[in-house]
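Worksheet: one structure, shown below.
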Amino acid sequence: MVLLLMVTAVLPMPTARAPPKLAVIGLPEVVWNATRDGCPMPTDSVEPEKPDSMPLAWHDPATNLTKLLIGSTYRGTYPSIGRSLHSISGLKHDCATPVWPPVNLSAPKTYDPSSYLNYEWVQSVRTYPNGSTVALVHNEMHGELSGVVSNATRLAPPDPALCSHRPNKSLEKTCVFWSTVLGTSDTAGATWTRHTGILFTLPRKYIKDAKIAGYGALGAIQYADTADGQRYWYGHVYRDFWDGTGAGPPSPSGSGNPANHTLGVCVWRTTDLWDPSAYRGWNGSAWSSIWADPYTQSIGKDLSRYTCASINTGGDGSSHPSPRRFSPALHAAGWPSHTLFGWPAGPSGGHAVSYSFPAWQSGDAPYTNWTTSSFVNLTGWFDPELFGPQRTAFMRYPTLLDSDSPFSLARDAARDDPDAVADALSYNLIGNSSLYIYFNWVGEPLDLLVRVPVAWLDPGAPEPQPPFGPPPPQRYLPASCTKLVVSGAGMVQVNGVYARDPSTPSIVFSKDANHQVYCLVTTDGAPRTCVWHMAHMDHPPVFYKTTLPVRVSGNNSAPIPENGWLGGPGTSGALPYPTVSCAFPAA
């Protein structure tokens, strides 16, 4: 079923109009399905191939083929390949050769934090007409997974020097350290050279059992020229650290960050994309922040030297910045030069995206200030027969991609400027006739790559209305319940009475040694939240789960979902799904 509405409202607007608004104009479609289109994994695989990062694409001018990535897994990053993004829809991955090499789980460097050769996600690619290509690669050191080479070794304890526990579903994530490394290619990404050393990292070493921290999600590479004709390249990176850990100076008063926690999006620039030492961060007044490897370089006492400033991204709270450049023709007609697309924080129900426009003025630092964010809620556009209940499934890592970027939009680019052409080849250009939000879909079914057609409308134009009604309301039991009754589950051994376990500070109810209902902490600070699961704790698979986070109270309790439990791929629970009641509510 294809639904395209109000085509006349999406035509380019006259010069001097107010900035446009983004709206959904059609139904979502599945671009990639892990079960149908994924590459086979070894029988001892810790996890299947799955989408786990912002989708990205680039077009090879030599072969006239586009590669679409869903984000890497530790077994390797495999592309879908076609003539365009339109032809890639529903196309299986090319499993012959990974775009980015898999993690060698048996290599000592995999769990050596000083190697920066750990778990990697390709997140930003820029390719030029001659095939020269650069990739910014997100790296994660996972101390809690040290020693994991198969499903069997997941049950053994990790390296005691790196982490005191395996992944614990009832606690916040620790023993994870983020950084960024650089990859380059002379063949438009057919083969890669992975640069040794570091591009972005905190000025401290890995700390055993420390909370998750470091430099995270990376946005698309942009460019701009100064008044004197100097060209710089720019980009965005999310940064997160805890005060008092040697990672940076404390957050300034009034920053809006939680206590003892500094987080936000930074901007970097460079005169040479291929030289990690040439990158500098915006510190709020100058391009003077540097990044140093604490394992090989001496770190000075002034940590502000190694800390970039959090910029104004519009107030959406997104930790996954995704800037795009409007096509030259649209910008010449009075449209903004760029938009900053995001995945907003807060209780969006997992179906909201955000966007803002440039707020910097001539002479200001480019890409460091954006207008107040606007939001698009996709609730009601997902057919529950195809995508599962909207209450228990949600999007992750959305971004904007325009299928026409290397084609009709490229005709407007200055052909004598390699960067203008690189914008087109790297799917950094957006127009208004073939624009889509691409994202990962988590829920039932699990592990999909989905795209939704969108368009820019006049600010006052009516918007198409979603065809599907809102999901049934989520119902909760009081947090004071000490015993729960699980009933109606198709996986009958899950049914029964679960009592709150007083021996642990975690929020855990147990039926027996193999069946628990617990709330997995997802965020710390203010507020602290968790997501409910039914499983044998620390032993996959999960039986049933919910996806909406709930707030943890000061006495370490949380509202318990009565409905909204999910089965399907990624869990072992069969239909029908269970409901939960309170056996002995507090008086």
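The values are calculated or read from the model by the stated rules, or taken from the named source; none is laboratory data. In this text the structure is predicted, and so the values were computed from the model without any measurement. Don't worry about glycine lacking a Cβ; one is built from the backbone with ideal geometry, like all the others, and counts go over all protein chains shown. SASA here: full protein model, heavy atoms, side chains in, ligands and nucleic acids out. Shrake-Rupley method; radii C 1.70, N 1.55, O 1.52, S 1.80 Å.
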inquiry  = Here is a check on your reading of the model: is Gly350 farther than 24 Å from Ala309 by Cα and either open to solvent by 20 Å² or more (accessible area, probe 1.4 Å) or modelled with pLDDT under 95 (or both)?
reply    = yes
remark   = Listed by first then second residue, the pairs whose first member lies in the range 380-399 and is among the charged types (D, E, K, R), whose partner is modelled with pLDDT under 70 and part of a loop (DSSP other than H, G, I, E, B), with beta carbons under 6 Å and at least 6 positions apart or on separate chains, are Arg391/Pro471
ask   = For the range 78-102, what are the residues that are over 16 Å from Ser426 (Cα atoms), touching an Asp or Glu at 6+ places or on another chain (Cβ under 8 Å) and open to solvent by less than 60 Å² (accessible area, probe 1.4 Å)?
value = Tyr78, Ser89, Gly90, His93, Trp100
task = Would you check if Arg154 is closer than 24 Å to Thr77 by Cα, touching a strand residue (DSSP E or B) at 6+ places or on another chain (Cβ under 7 Å), surrounded by fewer than 21 Cβ atoms within 10 Å (Cβ to Cβ) and of a type in the set (Lys, Arg)?
result = no
task = Go through the residues of the range 289-296 one by one and say whether even a single one is in contact with a helix residue (DSSP H, G or I) (Cβ under 8 Å, 6 or more places away or on another chain) and aromatic (Phe, Trp, Tyr).
result = yes
remark   = When the range 543-570 is checked residue by residue, the ones that are in contact with a Ser or Thr (Cβ under 9 Å, 6 or more places away or on another chain), at pLDDT below 85 and assigned to a loop (DSSP other than H, G, I, E, B) are Thr546, Thr547, Leu548, Pro549, Asn556, Gly564, Pro569
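Quick check on this structure: which one of Pro79, Pro98 is under 22 Å from the mean Cα position of the chain (by Cα) and either farther than 16 Å from Phe439 by Cα or aromatic (Phe, Trp, Tyr) (or both)?
Just a single option satisfies the conditions, and that option is Pro98.
Of all residues in the range 51-77, which are part of a loop (DSSP other than H, G, I, E, B) and either of a type in the set (Gly, Ala, Ser) or touching a residue at least 40 places away in the same chain (Cβ under 8 Å) (or both)? Before you say what the answer is, go through the steps one by one.
Taking the range 51-77 as the starting set, the residues that turn out to be part of a loop (DSSP other than H, G, I, E, B) are 51-55, 61-64, 70-72, 74-75.
Scanning the range 51-77 gives Pro51, Asp52, Ser53, Met54, Pro55, Pro61, Ala62, Thr63, Ile70, Gly71, Ser72, Tyr74.
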Filtered residues of the range 318-343 (kept if surrounded by fewer than 18 Cβ atoms within 10 Å (Cβ to Cβ), farther than 17 Å from Lys21 by Cα and touching a residue at least 12 places away in the same chain (Cβ under 8 Å)) = Ala329
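Inside the range 141-170, can you point out the residues that are in contact with a Phe, Trp or Tyr (Cβ under 8 Å, 6 or more places away or on another chain) and either assigned to a loop (DSSP other than H, G, I, E, B) or among the aromatic types (Phe, Trp, Tyr) (or both)? Spell out how you get there, then give the answer.
Pass one, the range 141-170, residues in contact with a Phe, Trp or Tyr (Cβ under 8 Å, 6 or more places away or on another chain): 141-143, 145-147, 159, 162, 169-170.
Within the range 141-170, Ser146, Gly147, Asp159, Leu162, Lys169, Ser170 qualify.
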